[in-house]
1. Please compute one quarter of the surface area of the Cα convex hull for region 212-309 and express it in square nanometres.
2. Can you tell which of 78, 10, 51 lies farthest toward the positive end of the dipole of region 1-100, using +1 and -1 charges on the Cβ of basic and acidic side chains (Lys, Arg; Asp, Glu)?
3. May I ask for the Kirkwood hydrodynamic radius of region 1-58, worked out over all distinct Cα pairs and given in angstroms to one decimal?
4. For region 47-100, what size does the Cα cloud have along each of its three principal axes, sorted from largest down, in whole Å?
5. Output the direction-averaged projected area (hull surface divided by four) of the convex hull of the alpha-carbon atoms of the chain, in nm².
6. Among 223, 131, 306, pick out the residue whose Cα is farthest towards the positive end of the charge dipole of the chain, where Lys and Arg carry +1 and Asp and Glu carry -1 on C-beta, about the Cα centre.
7. What value, in deg cm²/dmol to 500, does the helix sum -39500 (n - 2.57) over DSSP H runs of n ≥ 4 give at 222 nm once divided by the residues of the chain?
8. If you build a Gaussian network model of the chain, linking Cα atoms that sit under 10 Å apart, which residue out of 259, 157, 37 swings the most?
Amino acid sequence: MSERHRLLLLAGRSKDELGAQLAQDDQLLLDRDDVEHAPAAGPYRLAIADADARRLALARRVAAGDVPWRGRNDVWYTAAPLLGEGRGSVAFVFPGIEQRFEPVVADVAAHFRLPRAELAGSERSVLEHAISLLAVGRLLDAALRRIGIEPAALAGHSIGEWNAMMSSGMMPAASMDQLIAQIDPEAFALPGCLFAALGCGVELAREAIAGLDGVVISHDNCPHQSIICGDEHAIAAATKRLDERGVLSQVLNFRSGFHSPLLAPYLENVSAVAELPIGTARTPVWSATTTEIFPSDERAIRELVIRHL
(Lines give C-alpha, C1' and ligand atoms only; values in the text may rest on other atoms or scores of the structure.)
Protein backbone atom coordinates (compact mmCIF):
# COMPACT_ATOMS: atom_id res chain seq x y z
CA MET A 1 0.00 0.00 0.00
CA SER A 2 1.62 3.23 -1.14
CA GLU A 3 -0.72 5.77 0.48
CA ARG A 4 0.96 7.79 3.23
CA HIS A 5 -1.19 8.24 6.30
CA ARG A 6 -1.60 11.53 8.12
CA LEU A 7 -0.72 11.63 11.81
CA LEU A 8 -1.90 13.96 14.55
CA LEU A 9 0.68 13.78 17.37
CA LEU A 10 0.29 15.53 20.72
CA ALA A 11 2.38 15.47 23.90
CA GLY A 12 2.17 17.23 27.24
CA ARG A 13 3.69 17.33 30.70
CA SER A 14 0.29 16.79 32.32
CA LYS A 15 -3.22 15.66 31.47
CA ASP A 16 -4.40 19.28 31.60
CA GLU A 17 -1.68 20.37 29.16
CA LEU A 18 -2.64 17.63 26.72
CA GLY A 19 -6.32 18.45 27.21
CA ALA A 20 -5.68 22.10 26.36
CA GLN A 21 -4.13 21.07 23.05
CA LEU A 22 -7.13 18.86 22.30
CA ALA A 23 -9.48 21.75 23.10
CA GLN A 24 -8.38 23.61 19.97
CA ASP A 25 -10.78 24.09 17.09
CA ASP A 26 -11.57 20.77 15.37
CA GLN A 27 -10.54 21.93 11.93
CA LEU A 28 -7.14 23.17 13.12
CA LEU A 29 -6.41 19.73 14.52
CA LEU A 30 -7.85 17.82 11.57
CA ASP A 31 -5.77 19.82 9.08
CA ARG A 32 -2.48 18.93 10.81
CA ASP A 33 -0.03 16.31 9.64
CA ASP A 34 2.75 15.74 12.15
CA VAL A 35 4.58 12.92 10.38
CA GLU A 36 7.72 15.04 9.97
CA HIS A 37 7.23 17.14 13.11
CA ALA A 38 7.38 15.32 16.43
CA PRO A 39 5.68 17.18 19.30
CA ALA A 40 7.50 18.57 22.31
CA ALA A 41 8.38 15.96 24.91
CA GLY A 42 6.10 14.99 27.76
CA PRO A 43 4.86 11.75 29.31
CA TYR A 44 1.28 12.25 28.11
CA ARG A 45 1.19 11.11 24.48
CA LEU A 46 -1.64 10.96 21.97
CA ALA A 47 -1.59 9.86 18.33
CA ILE A 48 -4.38 9.63 15.75
CA ALA A 49 -3.88 8.16 12.30
CA ASP A 50 -5.92 9.83 9.54
CA ALA A 51 -7.82 11.93 12.07
CA ASP A 52 -11.47 12.70 11.43
CA ALA A 53 -14.22 14.15 13.63
CA ARG A 54 -15.19 10.73 15.02
CA ARG A 55 -11.62 9.75 15.96
CA LEU A 56 -10.96 13.17 17.42
CA ALA A 57 -14.04 12.89 19.65
CA LEU A 58 -12.90 9.44 20.78
CA ALA A 59 -9.41 10.74 21.53
CA ARG A 60 -10.82 13.49 23.75
CA ARG A 61 -12.79 10.95 25.79
CA VAL A 62 -9.78 8.62 26.06
CA ALA A 63 -7.36 11.38 27.09
CA ALA A 64 -9.72 12.52 29.84
CA GLY A 65 -9.18 9.19 31.62
CA ASP A 66 -6.24 7.29 33.01
CA VAL A 67 -6.44 4.07 30.99
CA PRO A 68 -3.98 3.59 28.08
CA TRP A 69 -5.55 3.18 24.63
CA ARG A 70 -3.58 0.90 22.33
CA GLY A 71 -4.65 1.60 18.77
CA ARG A 72 -8.31 0.69 18.44
CA ASN A 73 -9.91 2.96 15.84
CA ASP A 74 -6.39 4.22 15.07
CA VAL A 75 -6.08 6.15 18.34
CA TRP A 76 -3.17 5.71 20.78
CA TYR A 77 -2.89 7.26 24.24
CA THR A 78 -0.67 6.79 27.26
CA ALA A 79 0.52 8.76 30.26
CA ALA A 80 3.53 6.47 30.68
CA PRO A 81 5.64 6.03 27.50
CA LEU A 82 7.63 2.86 26.96
CA LEU A 83 10.97 4.62 27.27
CA GLY A 84 12.06 6.79 30.14
CA GLU A 85 13.33 6.72 33.67
CA GLY A 86 11.75 4.01 35.79
CA ARG A 87 9.77 2.56 32.87
CA GLY A 88 11.38 -0.88 32.98
CA SER A 89 12.39 -2.70 29.83
CA VAL A 90 10.81 -3.59 26.49
CA ALA A 91 10.29 -6.99 24.88
CA PHE A 92 9.68 -7.58 21.18
CA VAL A 93 7.11 -10.34 20.59
CA PHE A 94 6.64 -11.32 16.94
CA PRO A 95 3.29 -12.73 15.75
CA GLY A 96 2.65 -15.96 13.90
CA ILE A 97 0.25 -16.78 11.07
CA GLU A 98 -3.22 -15.43 11.70
CA GLN A 99 -6.58 -15.84 10.00
CA ARG A 100 -6.21 -12.34 8.52
CA PHE A 101 -2.92 -10.78 7.48
CA GLU A 102 -3.21 -7.40 5.77
CA PRO A 103 -0.20 -5.36 6.93
CA VAL A 104 0.08 -1.68 6.03
CA VAL A 105 3.82 -1.06 6.23
CA ALA A 106 4.89 0.62 3.00
CA ASP A 107 4.71 4.03 4.70
CA VAL A 108 6.86 2.74 7.57
CA ALA A 109 9.53 1.62 5.11
CA ALA A 110 9.39 4.94 3.26
CA HIS A 111 9.54 7.03 6.44
CA PHE A 112 12.59 5.24 7.81
CA ARG A 113 14.18 4.73 4.38
CA LEU A 114 14.21 0.96 4.85
CA PRO A 115 13.75 -1.72 2.17
CA ARG A 116 10.09 -2.43 1.55
CA ALA A 117 8.71 -5.75 2.75
CA GLU A 118 7.96 -8.02 -0.20
CA LEU A 119 4.47 -9.41 0.41
CA ALA A 120 2.71 -12.31 -1.29
CA GLY A 121 -0.77 -11.84 -2.73
CA SER A 122 -4.01 -12.65 -0.93
CA GLU A 123 -4.12 -16.19 -2.38
CA ARG A 124 -0.94 -17.30 -0.65
CA SER A 125 0.32 -20.69 0.43
CA VAL A 126 1.30 -21.31 4.05
CA LEU A 127 4.97 -20.86 3.12
CA GLU A 128 4.31 -17.62 1.19
CA HIS A 129 2.31 -16.34 4.17
CA ALA A 130 5.25 -17.19 6.44
CA ILE A 131 7.73 -15.40 4.15
CA SER A 132 5.58 -12.25 4.16
CA LEU A 133 5.25 -12.42 7.92
CA LEU A 134 9.02 -12.68 8.37
CA ALA A 135 9.55 -9.73 6.03
CA VAL A 136 7.15 -7.51 8.00
CA GLY A 137 8.76 -8.56 11.29
CA ARG A 138 12.21 -7.64 10.02
CA LEU A 139 10.98 -4.25 8.82
CA LEU A 140 9.27 -3.35 12.10
CA ASP A 141 12.26 -4.57 14.12
CA ALA A 142 14.54 -2.27 12.10
CA ALA A 143 12.15 0.68 12.41
CA LEU A 144 11.92 0.36 16.19
CA ARG A 145 15.69 0.27 16.50
CA ARG A 146 15.93 3.41 14.33
CA ILE A 147 14.02 5.34 17.00
CA GLY A 148 16.12 3.98 19.84
CA ILE A 149 13.88 1.19 21.11
CA GLU A 150 16.09 -1.80 21.91
CA PRO A 151 14.55 -5.00 23.28
CA ALA A 152 15.68 -6.55 26.55
CA ALA A 153 14.04 -9.84 25.55
CA LEU A 154 12.66 -11.45 22.39
CA ALA A 155 9.98 -14.03 21.71
CA GLY A 156 7.73 -15.12 18.90
CA HIS A 157 4.53 -17.01 18.27
CA SER A 158 4.97 -19.83 15.73
CA ILE A 159 6.92 -18.52 12.72
CA GLY A 160 7.45 -15.31 14.69
CA GLU A 161 10.03 -17.19 16.75
CA TRP A 162 12.26 -17.18 13.64
CA ASN A 163 11.87 -13.38 13.58
CA ALA A 164 12.96 -13.28 17.22
CA MET A 165 16.01 -15.44 16.44
CA MET A 166 17.01 -13.11 13.58
CA SER A 167 16.47 -10.03 15.73
CA SER A 168 18.80 -11.43 18.38
CA GLY A 169 21.57 -12.30 15.90
CA MET A 170 21.20 -16.00 16.72
CA MET A 171 20.11 -16.71 13.16
CA PRO A 172 21.56 -14.50 10.40
CA ALA A 173 18.89 -13.06 8.11
CA ALA A 174 20.83 -14.23 5.03
CA SER A 175 20.78 -17.78 6.35
CA MET A 176 17.02 -17.60 6.88
CA ASP A 177 16.58 -16.36 3.31
CA GLN A 178 18.68 -19.26 2.08
CA LEU A 179 16.64 -21.76 4.08
CA ILE A 180 13.31 -20.47 2.81
CA ALA A 181 14.55 -20.53 -0.78
CA GLN A 182 15.21 -24.27 -0.45
CA ILE A 183 11.71 -25.16 0.77
CA ASP A 184 9.03 -26.31 -1.66
CA PRO A 185 5.99 -23.98 -1.25
CA GLU A 186 3.71 -27.03 -1.15
CA ALA A 187 5.88 -28.95 1.31
CA PHE A 188 3.62 -28.27 4.28
CA ALA A 189 0.21 -28.23 2.61
CA LEU A 190 -1.48 -31.20 4.24
CA PRO A 191 -4.77 -32.11 2.46
CA GLY A 192 -7.55 -32.84 4.90
CA CYS A 193 -5.66 -31.29 7.82
CA LEU A 194 -7.30 -28.33 9.53
CA PHE A 195 -6.75 -25.94 12.40
CA ALA A 196 -9.61 -24.75 14.60
CA ALA A 197 -9.39 -21.91 17.12
CA LEU A 198 -11.37 -22.62 20.27
CA GLY A 199 -12.75 -20.11 22.73
CA CYS A 200 -11.53 -22.10 25.72
CA GLY A 201 -8.38 -23.23 27.48
CA VAL A 202 -6.55 -26.51 27.06
CA GLU A 203 -8.49 -28.33 29.78
CA LEU A 204 -11.79 -28.04 27.93
CA ALA A 205 -10.01 -28.61 24.61
CA ARG A 206 -8.73 -31.95 25.92
CA GLU A 207 -12.27 -32.97 26.76
CA ALA A 208 -13.43 -31.96 23.27
CA ILE A 209 -10.90 -34.20 21.52
CA ALA A 210 -11.06 -37.11 23.97
CA GLY A 211 -11.42 -40.41 22.11
CA LEU A 212 -10.98 -38.84 18.67
CA ASP A 213 -8.16 -40.12 16.45
CA GLY A 214 -5.95 -37.79 14.40
CA VAL A 215 -6.45 -34.54 16.32
CA VAL A 216 -4.23 -32.84 18.91
CA ILE A 217 -3.93 -29.54 20.76
CA SER A 218 -1.30 -27.58 18.87
CA HIS A 219 -1.41 -24.20 20.62
CA ASP A 220 -2.00 -23.26 24.26
CA ASN A 221 -2.40 -19.54 23.53
CA CYS A 222 -3.99 -18.25 26.73
CA PRO A 223 -6.55 -19.32 29.37
CA HIS A 224 -9.37 -18.49 26.97
CA GLN A 225 -8.02 -19.69 23.61
CA SER A 226 -6.45 -22.86 22.33
CA ILE A 227 -6.04 -24.34 18.86
CA ILE A 228 -6.53 -27.91 17.73
CA CYS A 229 -5.06 -29.45 14.59
CA GLY A 230 -5.93 -32.62 12.78
CA ASP A 231 -8.14 -34.59 10.43
CA GLU A 232 -11.09 -32.54 9.19
CA HIS A 233 -13.63 -35.14 10.39
CA ALA A 234 -12.13 -35.19 13.88
CA ILE A 235 -12.05 -31.39 13.92
CA ALA A 236 -15.75 -31.32 12.97
CA ALA A 237 -16.60 -33.76 15.77
CA ALA A 238 -14.62 -31.79 18.37
CA THR A 239 -16.13 -28.43 17.44
CA LYS A 240 -19.61 -29.99 17.50
CA ARG A 241 -19.01 -31.13 21.07
CA LEU A 242 -17.93 -27.63 22.03
CA ASP A 243 -20.87 -26.05 20.26
CA GLU A 244 -23.20 -28.19 22.36
CA ARG A 245 -21.54 -26.72 25.45
CA GLY A 246 -21.84 -23.15 24.17
CA VAL A 247 -18.14 -22.76 23.37
CA LEU A 248 -17.30 -20.81 20.22
CA SER A 249 -14.88 -22.23 17.65
CA GLN A 250 -13.69 -21.32 14.17
CA VAL A 251 -11.98 -23.40 11.51
CA LEU A 252 -9.00 -21.44 10.16
CA ASN A 253 -8.38 -20.84 6.48
CA PHE A 254 -4.97 -22.49 6.10
CA ARG A 255 -3.97 -26.13 6.06
CA SER A 256 -0.78 -27.44 7.58
CA GLY A 257 0.32 -29.55 10.51
CA PHE A 258 2.62 -27.00 12.12
CA HIS A 259 3.24 -27.47 15.84
CA SER A 260 1.72 -30.93 15.93
CA PRO A 261 2.92 -34.54 15.45
CA LEU A 262 1.15 -34.47 12.07
CA LEU A 263 4.12 -32.56 10.68
CA ALA A 264 6.67 -35.20 11.69
CA PRO A 265 6.70 -37.05 8.33
CA TYR A 266 7.45 -33.75 6.56
CA LEU A 267 10.36 -32.55 8.68
CA GLU A 268 12.86 -33.71 6.07
CA ASN A 269 11.61 -30.75 4.04
CA VAL A 270 13.40 -28.46 6.47
CA SER A 271 16.46 -30.64 6.99
CA ALA A 272 18.52 -27.60 5.96
CA VAL A 273 17.90 -26.25 9.47
CA ALA A 274 20.62 -28.66 10.61
CA GLU A 275 23.10 -26.82 8.35
CA LEU A 276 22.24 -23.26 9.33
CA PRO A 277 25.05 -21.23 10.88
CA ILE A 278 24.10 -20.24 14.40
CA GLY A 279 25.39 -17.05 16.01
CA THR A 280 25.47 -15.84 19.58
CA ALA A 281 22.26 -14.17 20.68
CA ARG A 282 22.83 -10.53 21.62
CA THR A 283 19.46 -10.49 23.39
CA PRO A 284 17.79 -13.42 25.21
CA VAL A 285 15.23 -15.28 23.09
CA TRP A 286 12.42 -17.07 24.91
CA SER A 287 11.22 -20.34 23.40
CA ALA A 288 7.49 -20.78 22.80
CA THR A 289 8.05 -24.54 23.13
CA THR A 290 9.81 -24.70 26.49
CA THR A 291 8.84 -21.23 27.86
CA GLU A 292 12.51 -20.86 28.77
CA ILE A 293 15.42 -18.95 27.27
CA PHE A 294 16.95 -20.66 24.23
CA PRO A 295 20.01 -22.80 24.98
CA SER A 296 23.42 -21.54 23.87
CA ASP A 297 24.60 -24.85 22.38
CA GLU A 298 24.28 -24.87 18.57
CA ARG A 299 23.02 -28.42 18.33
CA ALA A 300 20.44 -27.82 21.06
CA ILE A 301 19.22 -24.69 19.23
CA ARG A 302 18.66 -26.61 15.98
CA GLU A 303 16.90 -29.42 17.83
CA LEU A 304 14.60 -26.90 19.52
CA VAL A 305 13.74 -25.27 16.16
CA ILE A 306 12.71 -28.66 14.78
CA ARG A 307 10.82 -29.53 17.97
CA HIS A 308 8.92 -26.25 17.70
CA LEU A 309 7.80 -27.18 14.18
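1. Working: hull surface 31.7 nm².
That works out to 7.9 nm².
2. Farthest towards the positive end: 78.
3. Numbers: mean 1/r = 0.0843 Å⁻¹.
Result for region 1-58, one decimal place: 11.9 Å.
4. Cα spread of region 47-100 along its principal axes, largest to smallest: 37, 34, 16 Å.
5. Values: hull surface 73.3 nm².
Mean projected area of the Cα convex hull: 18.3 nm².
6. Going by the Cα projections, it comes out as 223.
7. On the way: 10 runs with 102 residues, N = 309.
Taking each H run of at least 4 residues, the total per residue is -10000 deg cm²/dmol.
8. Result: 37 has the largest fluctuation of those listed.
The values are calculated or read from the model by the stated rules, or taken from the named source; none is laboratory data. Fair warning: this is a prediction, and the values are worked out from it, not measured in the lab. Methodologically, a virtual Cβ is constructed for each residue, glycine included, from the backbone with ideal geometry; neighbour enumeration extends over all protein chains shown. Keep in mind that these areas ignore ligands, DNA and RNA; they rest on the heavy atoms of the full protein, side chains included. Shrake-Rupley method; radii C 1.70, N 1.55, O 1.52, S 1.80 Å.
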